[in-house]
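Asker: Pasting in a structure now, in structure tokens, and then I'll have a few things to ask.
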Amino acid sequence: MQRPPPEDYSLKEVNPHLGGGKITGDKLTSTYDLVEQMQYLYVRVVKAKDLPSKDVTGSCDPYVEVKLGNYKGTTPHFEKRTNPEWNRVFAFSKERMQASVLEVTVKDKDLVKDDYIGRVLFDLNEVPKRVPPDSPLAPQWYRLEERSGVKVKGELMLAVWMGTQADEAFPEAWHSDAAAVSGADGLANIRSKVYLSPKLWYLRVNVIEAQDLIPTDKGRYPEVFVRASLGNQALRTRISQSRSINPMWNEDLMLVVAEPFDEPLILSVEDRIAPNKEEVLGRCAIPLQYLDRRLDHKPINTRWFNLEKHVIIEGEKKKDTKFASRIHMRICLEGGYHVLDESTHYSSDLRPTAKQLWKSSIGVLEVGILNAQGLMPMKTKDGRGTTDAYCVAKYGQKWVRTRTIIDSFTPKWNEQYTWEVFDPCTVITIGVFDNCHLHGGDKGGGTKDSRIGKVRIRLSTLETDRVYTHSYPLLVLHPNGVKKMGEIHLAVRFTCSSLLNMMHMYSLPLLPKMHYLHPLTVSQLDSLRHQATQIVSMRLSRAEPPLRKEVVEYMLDVGSHMWSMRRSKANFFRIMGVLSGLIAVGKWFDQICHWKNPITTVLIHILFIILVMYPELILPTIFLYLFLIGVWYYRWRPRHPPHMDTRLSHADSIHPDELDEEFDTFPTTRPTDIVRMRYDRLRSIAGRIQTVVGDLATQGERLQSLLSWRDPRATALFVLFCLIAAIVLYVTPFQVVALLTGFYVLRHPRFRHKLPAVPLNFFRRLPARTDCML
């Protein structure tokens, strides 16, 4: 496979005309200061009164037609109304204006030909300009006139002004560049929208025991287990070892639930009477809204629940039962955990579920989605390629979707969004998609929005209060290789409200403390993450306009844990890249031992003798050396955000057969059952090995990033620490330091706590090259 030129995949710095050029120092003055201003002519059609009747029947079915050159927008029509009220806004792009007169015509809807009622003309040179935060322009009454200019009966209330995309009317307006889109559903599908992820909780069901079960066959020992089901989730306990009608389990089941709590938790006690046959001994339905909400690890009171053969549905009368089997449980909603719904490497939010445990924000992230260049045609229309592109950005619980730009390979969005930042060691993801639902959506659900590419930016790699304006390559891996789908231009600014608070964050645990005091297993986390992503994608796909499942899953990197020979190779070479420094030191030391360079060897001998004679110089020298390296590397610190790296991801030199394996379904589509079983087993085991290898590479790269200035705050903290440590260790006797270190390492368990130490927290927050992985 021919390797494309590497410069095609590089990050480029651009100089857009942000905020209309209103730049004062490092800050920009308007609220839309990270995007280029786009001028629009806005026409708000409010209502009409005293319209004349044109039909033979004497009725009037009025609608308004707003026309500017070749662009024409219409309001809905009202039947038999002489005083209609529309309250619609039309926006005409100034770039595409081909006329100097705006014509607003009122017409009467008719079966054969619509009747002309009257019109209002506006000279565009006379239209006033309005820039927020100015108050909205008040609409005025205008008398209708004939084409000849003679005034006629009827008045129209209008407001006409020139504005920018910062105008409040912009999101809901009809746009002239979307004139080809038909229907209310189609128009809804192209508008910009802000979404919020549902609030997710972990539901812990501690199944303790059951009493007085009544199995059908009383002549055998029952093999009883408990099944918990909620929506699409179903978990079960192990079979009780007590083998009686009073079984015991004391087992935890963890599920993911989302507010509002629509469905109850269904618990069923079942008896396995045959290898593939179970008998239900009793069920109970538990509404989630009344459950206890736990913020820490304090125990919750246990409760007994009656088991019934049939779950009572709302509205049915409950039958009185004098005797019932019972189940003993401890159920609570865990508010102290963070529900992971995205890959831990690219997490955008690390806060616990319960709002009471949230810390104050440390800053603000502002992103201007400017435009895209050189997009590839994604579909065919009227015999030619076309693309209807929109962007989706995800950070924390807030998702944003830009408007869709119709039929353009160089779409200009120029939309700006803001997020509160609670942790600098988080990642924002921005994806570009092709809209395939412009004409009322797809009722069958077969058509999917196509992915054009995405960008990930880690906040900790950004300098505060600096505006980053770059063109990011949009790279997607296809079955025939990696492909550049275009470039997206972004303006990003991370503003810190308190530098001290942000520096303090580097000493705190990455996740809420419950993840360390009562950790979940790896298999539990994988299962819960899968359930969380399913819930988020289902909820967002029900919004209007919907954020579709394929979009949400692409943004959340669902499926990134599956086996891939390419990723395994990439992670192996990442480890080799980390170890290359140690290997080089080993080779250098081997050369010293073999007297390859006698002068260097003699100097090393002298240095070794000095350090042995004066051991107190060892640590100060090392820390001072690291400090000097850090200061020296400051000159070559990264000035650009990280981006997708095809060479690091081994996407530019992958074998076609390996690509075929990566795009193979799971389970595999191989014809023979034996091959399928072996192939799936290999991929499952290899996927875990790949994850471990990637984690090892991440740790090593974090070690490298201590002095690389990739995260400027972390490197500054470490370099400062090295200087202070060098001074402190210089004035402190070495024997005392060694003694204290030994005592600390060998300290009694009573003096240890379960939360990670500050150095470990700091290290886990350092950036790695996972952000650059494709």
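The values are calculated or read from the model by the stated rules, or taken from the named source; none is laboratory data. A quick note: this is a predicted structure, and the numbers were derived from the prediction, not measured. Cβ coordinates were reconstructed from backbone atoms using ideal geometry, including for glycine residues, and neighbour counts include every protein chain displayed. The area values use the complete protein model at the heavy-atom level, side chains included, leaving out ligands, DNA and RNA. Shrake-Rupley method; radii C 1.70, N 1.55, O 1.52, S 1.80 Å.
Asker: Quote to one decimal, in nm, the extra length available between SER343 and LYS72 on full extension: 0.36 nm per residue of separation minus the C-alpha distance between them.
Answerer: Going from the current span to full extension adds 92.9 nm.
Asker: Right, next: Test of understanding: what is the full-extension gain from HIS17 to LEU607, defined as 0.36 nm times their sequence separation minus their Cα-Cα distance?
Answerer: Stretched fully, the HIS17-LEU607 segment lengthens by 206.7 nm.
Asker: So if the hydrodynamic radius of region 371-459 is defined as the Kirkwood radius over C-alpha pairs, what does Stokes-Einstein give as its diffusion coefficient at 10 °C and 1.306 mPa s, in µm² per second?
Answerer: For the chosen part, D equals 110 µm²/s.
Asker: Charges at C-beta only: +1 for Lys and Arg, -1 for Asp and Glu. How large is the resulting dipole of region 474-619 about its Cα centre, in Debye rounded to 20?
Answerer: 440 debye
Asker: Still on this structure, please answer the following. Give me the Kirkwood hydrodynamic radius of the chain, using the inverse of the mean 1/r over all pairs of distinct Cα atoms, in Å to one decimal.
Answerer: Kirkwood hydrodynamic radius for the chain: 31.4 Å.
Asker: While we're looking at this one, here's another question. Between GLN373 and TYR290, what's the calculated FRET efficiency when r is the beta-carbon distance and R0 is 45 Å? Round to 0.05.
Answerer: The computed FRET efficiency comes out at 0.25.
Asker: If you take every residue apart from ILE452 with its C-beta less than 12 Å away from the C-beta of ILE452, what net charge results, scoring Lys and Arg +1 and Asp and Glu -1?
Answerer: +1
Asker: Can you tell me the Rg and Dmax of region 89-163, counting just the alpha carbons, in angstroms?
Answerer: That works out to 14.4, 46 Å for Rg and Dmax.
Asker: When the accessible area of the chain is computed with all protein chains present and a 1.4 Å probe, what percentage of it is carbon and sulfur?
Answerer: 57 percent
Asker: Just to confirm, what accessible area per residue do you get for region 64-188 at 1.4 Å probe, in whole Å²?
Answerer: Spelled out: the 1.4 Å probe surface of region 64-188, per residue, equals 54 Å².
Asker: Rounded to whole Å and sorted largest first, list the principal axis extents of the Cα atoms in region 203-295.
Answerer: 45, 24, 19
Asker: Let me ask something additional. Report the per residue volume, in Å³, of the convex hull enclosing the C-alpha atoms of region 402-561.
Answerer: Per-residue hull volume (Cα only) is 167 Å³.
Asker: Accessible area per residue, 1.4 Å probe, Å², for region 221-318: what's the number?
Answerer: 61 Å²
Asker: Related question: To the nearest 10 degrees, how steep is helix 734-745 against the longest Cα principal axis of the chain, on a 0 to 90 scale?
Answerer: Helix 734-745 sits at roughly 70 degrees to that axis.
Asker: Separate question: Taking 8 Å as the Cα distance limit and 6 or more residues as the minimum spacing, I'd like the relative contact order of region 320-479 as a percentage.
Answerer: Relative contact order of region 320-479: 20 percent.
Asker: Residue by residue, what Karplus-based ³J(HN,Hα) values in Hz, rounded to whole numbers, does region 607-619 have, using 6.51, -1.76 and 1.60 with θ = phi - 60° and x for Gly and Pro?
Answerer: 4, 5, 5, 4, 5, 6, 5, 10, x, 5, 8, 5, 5
Asker: On to the next question. Using only the Cα atoms, work out Rg/Rh for region 58-212, with Rh taken as the Kirkwood radius, to two decimals.
Answerer: 1.23
Asker: Now for a different question. Please report the spacing between the Cα centers of region 339-379 and region 99-151 in Å, no decimals.
Answerer: Using only Cα atoms to place each centre, the spacing works out to 43 Å.
Asker: Which order do the peptides 715-721, 592-598 come out in when sorted by mean C-beta neighbours inside 10 angstrom, highest first?
Answerer: 715-721, 592-598
Asker: Here's something else I'd like to know. Once label points are set 7 Å from the Cα along Cα→Cβ at both GLU279 and GLU308, what is their separation, rounded to one decimal in nm?
Answerer: According to this spin-label approximation, the distance is 2.2 nm.
Asker: Could you work out, for region 630-736, what percent of all Cα-Cα pairs fall into each 5 Å distance bin, beginning at 0 Å and stopping at the bin that holds the largest distance?
Answerer: Taking all Cα pairs of region 630-736, the binned fractions are 2, 9, 11, 14, 12, 11, 9, 8, 7, 6, 5, 3, 2, 1, 0 percent.
Asker: If you don't mind, another one. Output ³J(HN,Hα) for region 136-147: one whole-Hz value per residue in order, computed from phi by the Karplus curve 6.51 cos²θ - 1.76 cosθ + 1.60 with θ = phi - 60°, and x for Gly and Pro.
Answerer: Each residue of region 136-147 in turn: x, 6, 6, x, 10, 7, 10, 6, 6, 9, 6, 5 Hz.
Asker: LEU617 versus ARG688, label points 7 Å from Cα toward the beta carbon: distance in nm?
Answerer: Roughly 5.2 nm, to one decimal.
Asker: Would you kindly calculate the mean projected area, averaged across all directions, of the convex hull enclosing the Cα atoms of region 75-118, in square nanometres?
Answerer: Over every viewing direction, the Cα hull of region 75-118 projects on average to 4.4 nm².
Asker: Something else now. Dipole size in debye (nearest 20) for the chain around its Cα centre, Lys and Arg Cβ +1, Asp and Glu Cβ -1?
Answerer: Dipole about the Cα centre, nearest 20: 1580 debye.
Asker: Rounded to the nearest 0.05, what FRET efficiency do ASN301 and LEU760 give with R0 = 30 Å and r taken as the Cβ-Cβ distance? Could you check?
Answerer: 0.25
Asker: Which residues' amide hydrogens lie under 5 Å from the amide hydrogen of LYS47, considering only partners 5 or more residues apart or on another chain, with H built in the peptide plane?
Answerer: Counting only residues 5 or more places away or on other chains, the set is TRP86, ASN87, MET157.
Asker: Taking R0 as 35 Å, what's the FRET efficiency between LYS483 and THR600 from their Cβ-Cβ distance, rounded to 0.05?
Answerer: The pair LYS483/THR600 has a calculated efficiency of 0.10.
Asker: Can I ask one more? Label SER497 and VAL585 with points 7 Å out from Cα along Cα→Cβ: what is the distance between them in nm?
Answerer: About 4.2 nm, to one decimal.
Asker: When every alpha-carbon pair in region 506-653 is counted, what percent end up more than 20 Å apart?
Answerer: Result: 77 percent of Cα pairs exceed 20 Å.
Asker: Given the Cα-Cα distance of THR82 and ILE214 and 0.36 nm per residue of separation, how much length would full extension add, in nm?
Answerer: Value of the extension gain: 40.2 nm.
Asker: Something else: For the pairs LYS49/LYS107; LYS298/LYS359; LYS109/LYS151; LYS47/LYS107, flag any whose C-alpha to C-alpha distance is greater than 18 Å.
Answerer: With Cα atoms farther than 18 Å apart: LYS298/LYS359; LYS109/LYS151.
Asker: Additional query: Pairing the Cα long axis of helix 522-541 with the longest principal axis of the chain, what angle in degrees results, from 0 to 90 and rounded to the nearest 10?
Answerer: 0 degrees
Asker: Kindly express, to the nearest 10 degrees and within the range 0 to 90, the angle between helix 565-593's C-alpha long axis and the longest C-alpha principal axis of the chain.
Answerer: That helix lies at roughly 40 degrees to the long axis.
Asker: Can you give the convex hull volume per residue for the Cα atoms of region 424-510, as a whole number of Å³?
Answerer: Output value, Cα hull per residue: 178 Å³.
Asker: Using every alpha carbon pair in region 581-693, what percent of pairs falls into each 5 Å bin from 0 up to the bin containing the largest distance?
Answerer: 2, 8, 8, 11, 12, 9, 8, 8, 10, 8, 7, 5, 3, 1, 0
Asker: Would you work out which of GLN289, VAL46, GLN140 lies farthest towards the positive end of the dipole of the chain? Charges go on Cβ: Lys and Arg +1, Asp and Glu -1.
Answerer: The residue sitting most towards the positive pole is GLN289.
Asker: Can I ask one more? Residues in region 205-236 near a label at SER244, defined as backbone nitrogen under 17 Å from the 7 Å Cα→Cβ point?
Answerer: 208-215, 218-225
Asker: For the pairs LYS355/LYS513; LYS398/LYS483; LYS394/LYS454; LYS454/LYS484; LYS72/LYS94; LYS94/LYS454, note any where the Cα-Cα span goes beyond 21 Å.
Answerer: LYS398/LYS483; LYS94/LYS454
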